[in-house]
Amino acid sequence: MTQQGVRWTADQVLALAPDAASRKAGSKLGAAGPWSEAGSSDEGTVWGLCKGSGSKPYQTVIDIADAAGPAYKCSCPSRKFPCKHALGLLLLWAGGEGAVPRGPAPDWAEQWIAGRRQRAQEKSAAGAAGSAAGSGDPEAARRRAERRAVRITAGATELEQRLADLLRGGLAGAEQAGYGMWEETAARMVDAQAPGLAARVRELGSIPSSGPGWPVRLLEECALIHLLDQGWLRRERLPDGLASTVRSRIGLPAPADGPAIRDRWLVLAQYDTADARLTTRRIWLHGTDSGRTALLLSYGAAGRAPELALPVGLELEAEVSPYPGTGQLRAALGEQFAPPAPSAARPPGVTTEQAAARYGEALRDDPWLDSVPVTLDRVIPAQDGDSWQLADAEGDSALPLTASARSRPGLWRLVALSGGAPVKVFGECGHRGFTPLTAWPEGAGEAVRLC
């Protein structure tokens, strides 16, 4: 059990798996058969020996008391994280008291736990010392920032010229040019140290092949890039909050220096996106006391799961510090006061009309915002021709689902959960539609992951 005395569910354990193959393999090890000398402690440690293909069993130990998500160690050769043995042991622990009795940890598990505690203390002490010492030479940092601003300004000016050339030549030329033109432009933005501009330029390359209506979409995206360019070139005239948003969209790093907010944070959703270089994990939190929503981002190398893992339905008492920028929801996880534990709490919901209005209001602060997090109350998934939508159970409005949401298995989990009855759905609402991420039945029941 956790320190709150509540076990995780099997779904919450399987949400930690790095891929479908690990979920399947871990599920097979969630029974008592392969395990020996399994046990747990009141401090949140679970351990066990798992019989493998070698002469010696694998030693698996998990620290579930870590407020940033479980930490694992296994003597198996797997490079996946967590491995199937860690998932199987957690499933065994989640199944009940009998299979993983409480007791003293063996020496090999105790040594790992003691090492973690020592490193945590050293890291905390080093962090305190670093804060006291400041962030190095401020004059050198100021000169570096000035040099980078000059390079970004040159890049933004060049990008403005290229957009103007595109419009003078006609959008049809973009269809004939293919990806090469955009890749070369994006590389120029990377040289200008403006990764945010580079990413937006790369996205332009896929629009001409996106089907009917692509000239309109291309023109819209070019307009947003032009707006961002002009925002950077005239940033001194912008309000502080909007100027911070422009710097963030350009790709300039900034510390999460907002005032820390302590709350009991409910994990609403967690999902990964990946490209050739990076895996990005997005974790949405809802403050049960403050009512605020926060977004945690965690990164891992391509093909590897990010370290931070907070399965849906858990709640942790912690501080989060927001990043700068008007309307920005991204935050950094700070001091944690208790390990994550399952919770029956649910976020308050709104109607579909209120959700659309909330997105419109958010665009006033951040015109480049793709979507906002919203919880819809009492909506019913309904088919609309070849599309799907979430319709208000007590109104005559609805939100269409995004194309990506319609192609995921989560849509069918949502339809099955509803069965024609109203459900509560958390997701992202934007100009492309609504992407459902988590749902709850109208009555009692656990959160159901849809992503």
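The values are calculated or read from the model by the stated rules, or taken from the named source; none is laboratory data. These numbers were taken from a predicted model, which means no experiment stands behind them. Please note: Cβ atoms are built from the backbone with ideal geometry, for glycine as well, and neighbour counts cover all protein chains shown. Note: areas computed on protein heavy atoms with side chains; ligands, DNA, RNA excluded. Shrake-Rupley method; radii C 1.70, N 1.55, O 1.52, S 1.80 Å.
Tell me the per residue accessible area of region 200-342 using a 1.4 Å probe; a whole number in Å² is fine. It would help to have the intermediate numbers written out before the result.
Working: 6590 Å² over 143 residues.
Roughly 46 Å² per residue, with all protein chains present.
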Please give the helix 240-250 orientation as an angle from the longest Cα principal axis of the chain, in degrees from 0 to 90, rounded to the nearest 10.
80
What's the local net charge at Leu218, with K and R +1, D and E -1, over the other residues with C-beta under 11 Å away?
-3
Length-normalised contact order of the chain in % [C-alpha pairs under 8 Å, at least 6 apart]
11
With Cα coordinates, the longest principal axis of the chain makes an angle with the long axis of helix 214-233, in degrees rounded to 10, of 90
Got a number for carbon plus sulfur as a percent of region 53-107's accessible area, 1.4 Å probe?
52
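Rounded to the nearest whole Å², what accessible area per residue is found for region 398-451 with the 1.4 Å probe? Don't skip to the answer; put the middle values down first.
Working: 2270 Å² over 54 residues.
Accessible area per residue, region 398-451: 42 Å².
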Let me cross-check Lys84: its accessible surface, 1.4 Å probe, with only protein heavy atoms counted, in Å² to the nearest 10?
90
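Name the shape class, rounded, prolate or oblate, that the alpha-carbon gyration tensor gives for region 335-374, where a ≥ b ≥ c are the square roots of its eigenvalues, rounded holds for a/c under 1.5, and otherwise prolate holds if a/b is larger than b/c and oblate otherwise.
Working: a/c = 4.35, a/b = 1.79, b/c = 2.43.
It is oblate, given that a/c is not under 1.5 and a/b is not larger than b/c.
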Could you compute how much accessible surface Lys73 exposes when probed at 1.4 Å, giving the result in Å² to the nearest 10?
100
Whole-percent carbon and sulfur share, accessible surface of region 133-194, 1.4 Å
55
Surpassing 30 Å at the alpha-carbon level, of the pairs Lys84/Lys424; Lys51/Lys80; Lys73/Lys123; Lys24/Lys73, are Lys84/Lys424
Two pseudo-spin positions, 7 Å from Cα along C-beta at Lys51 and at Val150, lie apart in nanometres by 7.0
Ignoring any ligand, DNA or RNA, what whole percent of the accessible area of region 214-280 comes from carbon and sulfur when the probe is 1.4 angstrom?
56
Averaged per residue, what accessible area in Å² does region 8-71 show with a 1.4 Å probe, protein chains only?
43
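Report the relative contact order of region 184-252, percent, no decimals, based on alpha-carbon pairs under 8 angstrom and at least 6 residues apart. Let's see the in-between values first.
On the way: 49 pairs, mean separation 23.2, N = 69.
It rounds to 34 percent for region 184-252.
Among bridges DSSP assigns within the chain, what percent are antiparallel (round to 5)?
Numbers: 70 of 74 bridges.
Of those bridges, close to 95 percent are antiparallel.
Are there chymotrypsin sites (Phe, Trp or Tyr not before Pro) in region 325-388 that DSSP puts in a loop and that have at most 16 other Cβ atoms within 10 Å, and which ones?
On the way: sites: Phe337, Tyr359, Trp368, Trp388; in loops: Phe337, Trp368.
Answer in residue order: Phe337, Trp368.
Can you order the peptides 405-411, 268-274 by their average number of other Cβ atoms within 10 Å per residue, highest first? Please list the in-between numbers first.
Details: 405-411: 15.6, 268-274: 18.6.
Highest to lowest by the protection proxy: 268-274, 405-411.
Using 0.36 nm times the number of residues separating Glu442 and Leu167, minus their current alpha carbon distance, what extension gain do you get? Mind dumping the intermediate values first?
Details: separation 275, 0.36 × 275 = 99.00 nm, distance 5.12 nm.
Fully extending the segment from Glu442 to Leu167 adds 93.9 nm.
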Go ahead and estimate [θ] at 222 nm for the chain from helices alone: -39,500 (n - 2.57) per DSSP H run with n ≥ 4, summed, over the residue count, rounded to 500.
-12000 deg cm²/dmol
Could you name the aspartates and glutamates whose alpha carbon sits less than 18 Å from that of Lys28, not counting residues in the same chain fewer than 8 places away?
Asp11, Asp19
The chain: angle of helix 195-204 to the longest principal axis, Cα-based, in degrees nearest 10
70
Relative contact order (percent) for region 141-220, with alpha-carbon contacts under 8 angstrom and 6 or more residues of separation?
29
